[in-house]
Structure formats: C-alpha cells, structure tokens
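Following this message is one structure expressed as structure tokens.
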Amino acid sequence: PAETQPEQSASPSPLKFLGPQWFATVMGLAGLALAWTAAVPQMGSAARWVALGIGALAVLVFAGLLALNIRREQLHPEALSADLNHPVRHAFLAALPVSLILLATLGAALFGAAVAWLVLWLLGCVMQFAVTLWVLSRWTRVNVPGGFQWPGITPVLIIPVVGNVLAPLAGVALGEPGWAAAQFGLGALLWPAVIVLLFVRIGVQGPWPERLLPSAFITVAPPAVIGLALLPLGAGPAWSQACWGIALFFLLWSASVLRAMLAQPFSVAWWALSFPLAAFAALTLRLAPTGQPFAFLAVPLLALATLVIAWLCLQTLRGLQRGTLLVMEG
C-alpha cells in the first residue's frame, strides 16, 4: 500500500483537461438561443421565452467555464501553455471571444441596445481580432515549434479566422457599423483561404484524425454567419441566399463523415455540430419571409438544431458523471 500511494496521488486533476475548447458549448447554446429569436416572427412570444431560457443557460455555462479556467491557470499553468503550443488546440482560444460576441448579440436581440452589450461586444471583438492575429502570426514561424504544420490545418482554424464575421450581428444595432464592417471584411477575406488550406491538407496529409471528425461541421458556420451578417450590413437578400446555398453544400459534405464519427466515443469535439447547425437554422429563418422555396425547412432545421444540442448536453452530463471527458487525449 505504501508503494502505491505516490502513484495514486500523482493522478492528474480533471480540471487540468478543461481547456478553451469547452467554450464551444457556450457557442452552441448562444447560437441556438439566437436561432430561436429568429423564430419569433413565426412562432411569437413562445420562441422568445425559449430563447431566454437557453440564453440564461449559456450565460451560466460561460460564467462557470470562465471561473474554472481561471482556477486551472492558477493550479496547472503548464496545461494552458501546452494548449497554446498545440498544433490544433491553440485555435480553440478563439472560442472565448466568440462566446463573448455571441452573448452580446443575444443580449441586444432580446433586450435591445444597451451600454452593457456594447462593452461586452467591444471586448469580444478586440479579443477576437487579437487572437486571429496571433494564430496567423504562428504561420510565419518556419521550422520552429508552433510554426506552420499541415497536421494543424483542421476545421478548428475556422474559429479564430472566421469568428470575425460575427461582428455585424450586433455591431450595427449597437451603433458601431464601421468597425463591424471592417472586422467582417477580415473574416470574409480569410474564410476562403482557410477552406483552400483544408482541401490542400486533405490532398497532402489526408483527413484530420478520427477524433476530430465532428469538426468538419464547422465549415457550415462561415457561410451561414456571413449570410446573417450581410442582412444588417444592408446587402441584398440575394447575397444571403447565395450564402445559404454554400452552407447547405458544406452541411451535406460534412454529413459524409457521420457514420465514421458515430463510431468514435463521445468527446467535447462533438460540440462542433452545435453552432453551425444553429447558425444555418437562424439564416433559414431570417430568409423565410422573403418567400424562398427553402423556407419550409426553417422550422425543421430549428428543431434539428435544438434536438442535437439537447442530445449534446445530455451526453456531456453523462460523460462528466462517468469521468470520460476530462481526461488526457488519446
């Protein structure tokens, strides 16, 4: 017994593995709440109450994750350092500012423009811009740790690069259309660049690891969000409809990995399905009043996003209870 005691005490705390990737849960919940706000014209006040409930959950999850990540940095500073130097996980750092932007957008959508939402939005936008600059600056580090590596080119890169296109969703209503358009332009410019890199990576290195298969669905988010952002920026609905078609293609393309994905054990990576599905449902709902032939898909897509995210929440709770999620990656 005395000999086995040091080994038992050396077991790492689950908190050590609670990295920035867990903020993807906030992105999914906040995105779903925004999709339900887009359903208010069709469903009335009931949709707004659903959005309020999901939004409150998103805020609670965000506050809990933020507190736990601060504690993690105090107890396990080497864990955050490992995340920031990891070829894939470093990109998840953007999930924090994206969550801030989404929560600010949700607050403005539900309660109207206010200084609190503007401050939250500005903080998220500045952090998102900085993270994008930091991620891309790593690419110039040739032949050094943290530099450009083909294994690091996965759909996860879309989060820091294209999170910038979220800015107009609240920025225009909050009185900052200029900066919102500028940051939108950055994301719109870099989105096709990342898509090209992803397809080149598939040709050069093959697909990303099986445990990251759910991240393929992240490719749905950029065209869906760009389509949503173009509406407050004053672009014609035809541009948003074009984005809807692109998002539909990437949704069907991503669905090709479903069978292999379902063969993998559940992990936090599965939350990659949440925000893209919610954003696509929100875009369909926003375009429904324009009389498009795909308008009949709006409510079914909202139902699908809601069911998938509810399932993700259930599986996450079960995984935490069983101790299968906060563990070292295989």
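So which residues in the range 165-174 are over 16 Å from the mean Cα position of the chain (by Cα) and either closer than 12 Å to A229 by Cα or open to solvent by 50 Å² or more (accessible area, probe 1.4 Å) (or both), if there are any at all?
Residues satisfying the conditions are P168, A170, G171, V172, A173.
Tell me, which helices (runs of 4 or more DSSP H) wholly within the range 217-315 include 1 or more residues that are surrounded by 18 or more Cβ atoms within 10 Å (Cβ to Cβ) and at pLDDT 95 or above?
Helices (runs of 4 or more DSSP H) meeting the threshold: 221-230, 237-254, 274-287.
When only residues in the range 316-328 that are surrounded by 12 or more Cβ atoms within 10 Å (Cβ to Cβ) and not β-branched (V, I, T) count, which is modelled with the lowest pLDDT?
So the residue we want is L326.
Kindly list the number of the only condition in (1) modelled with pLDDT of 95 or more; (2) over 25 Å from I218 (Cβ atoms); (3) β-branched (V, I, T) that fails for T4.
For T4, the failing item is (1).
Moving on to the next point. Could you grab me the full set of residues in the range 203-216 that are open to solvent by less than 60 Å² (accessible area, probe 1.4 Å) and assigned to a helix (DSSP H, G or I)?
Once the filter is applied, which keeps residues that are open to solvent by less than 60 Å² (accessible area, probe 1.4 Å) and assigned to a helix (DSSP H, G or I), the range 203-216 yields L212, L213, P214, S215, A216.
Right, here's the next one. From the list V196, V161, V200, which one is open to solvent by less than 20 Å² (accessible area, probe 1.4 Å), among the hydrophobic types (A, V, I, L, M, F, W, C) and either part of a helix (DSSP H, G or I) or closer than 25 Å to C125 by Cβ (or both)?
Sole residue among the options that is open to solvent by less than 20 Å² (accessible area, probe 1.4 Å), among the hydrophobic types (A, V, I, L, M, F, W, C) and either part of a helix (DSSP H, G or I) or closer than 25 Å to C125 by Cβ (or both): V161.
I'm checking my understanding of the structure. Among residues of the range 122-141 that are open to solvent by 10 Å² or more (accessible area, probe 1.4 Å) and among the β-branched types (V, I, T), which one is farthest from A94 (Cα to Cα)?
Per the stated criteria, the residue is T140.
Determine whether P77 is open to solvent by 10 Å² or more (accessible area, probe 1.4 Å), touching a residue at least 40 places away in the same chain (Cβ under 8 Å) and over 26 Å from L174 (Cβ atoms).
It is false that P77 is open to solvent by 10 Å² or more (accessible area, probe 1.4 Å), touching a residue at least 40 places away in the same chain (Cβ under 8 Å) and over 26 Å from L174 (Cβ atoms).
Kindly list the number of the only condition in (1) in contact with a Pro (Cβ under 6 Å, 6 or more places away or on another chain); (2) open to solvent by 30 Å² or more (accessible area, probe 1.4 Å); (3) at pLDDT 95 or above that fails for L186.
All conditions are met except number (1).
Which residues, counting only those in the range 121-143, are in a helix (DSSP H, G or I) and hydroxyl-bearing (S, T, Y)?
Passing the criteria: T132, S137.
The values are calculated or read from the model by the stated rules, or taken from the named source; none is laboratory data. All of these numbers come straight from a predicted model, not from anything done at the bench. Cβ: placed from backbone, ideal geometry, glycine included. Neighbour counts: every protein chain shown. Ligands, DNA and RNA are excluded from the accessible area calculation, which covers all protein heavy atoms including side chains. Shrake-Rupley method; radii C 1.70, N 1.55, O 1.52, S 1.80 Å.
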